[in-house]
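The values are calculated or read from the model by the stated rules, or taken from the named source; none is laboratory data. Note that the coordinates shown come from a computational prediction; the quantities given were computed from them, not determined experimentally. Glycine gets a Cβ as well: all are built from the backbone with ideal geometry, and neighbour counts include every protein chain shown.
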Amino acid sequence: MTPPESSGTFETALGSCQKPSDREVYAVLKAEETTVRRFYEAFAAKDWDTARGCFTEDAVWHMPGRSPIAGDHRGWDAIMRDFFAKVAALSGGTFRAELVDVLVGSHRVAAFQHATAERAGRKLDVTACQVMSFRDGLIADVRGHYSDQYQLDEFWS
């Protein structure tokens with residue numbers, strides 16, 4: 001469904017501003033959702049070139065907790081090296097993040113995922129909400145929120 005067209009001019013302390021139409025806003029939000037879905041598809045396929053194209057060069061992935069993968073991973077190279085590569089190595093390649101749903105807001109996108117992995121006889125099975133901020137149509141910031149942070153930390157440690 002395409003939203004109705006509505007736009008107009010409004011005044012600010014700095015002068016007149018043109019309000020974007022609902023269609024323009026919808027197009028931006030739809031593009032952000034598409035970027036999130038493209039990233040999850042690329043991640044599942046281990047297509048790192050496509051995944052990289054979904055992020056700004058200075059993107060930050062904030063991983064909560066106290067495990068070896070926790071921390072603020074700044075820039076694509078750090079996200080790849082210090083987060084994705086560690087996840088793959090520690091899980092013996094068993095880690096999966098299945099995208100369940102995408103919710104698009106006016107300032108952020110929330111990607112709901114089901115994450116599973118196996119390691120040294122232990123199993124990881126958590127749901128997560130990755131809250132993403134965008135800049136110029138690309139993911140600039142990711143903040144992970146997990147259904148069981150204790151399980152997550154124990155699994156990766």
Long-range neighbours under 6 Å by Cβ, at least six apart or interchain, first residue within 15 Å of G144 (Cα to Cα) within segment 49-72, second surrounded by fewer than 14 Cβ atoms within 10 Å (Cβ to Cβ) and of a type in the set (A, V, I, L, M) = none
request  = Within segment 84-122, work out how many residues are farther than 17 Å from P68 by Cα and basic (K, R).
outcome  = 2
message = When you scan segment 52-75, do you find a residue that is closer than 24 Å to E154 by Cα and touching a Cys at 6+ places or on another chain (Cβ under 9 Å), even just one?
response = no
key: Every pair of residues 6+ apart whose Cβ atoms lie under 8 Å, when the first sits in segment 144-157 and is among the aliphatic types (A, V, I, L, M) while the second is surrounded by 14 or more Cβ atoms within 10 Å (Cβ to Cβ)   = L152/G65; L152/S67; L152/L124; L152/V126; L152/Y146
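Filter segment 105-148 for residues that are of a type in the set (S, T, N, Q) and either surrounded by fewer than 17 Cβ atoms within 10 Å (Cβ to Cβ) or modelled with pLDDT under 95 (or both); which is nearest to D58 (Cα to Cα)? First the steps, then the outcome.
Filtering segment 105-148 down to residues of a type in the set (S, T, N, Q) leaves 106, 113, 116, 127, 130, 133, 147.
From the residues that got through so far, the ones that are either surrounded by fewer than 17 Cβ atoms within 10 Å (Cβ to Cβ) or modelled with pLDDT under 95 (or both) too are 106, 116, 127, 133, 147.
Numbers: S106: 22, T116: 28, T127: 27, S133: 12, S147: 28 Å.
My answer is S133.
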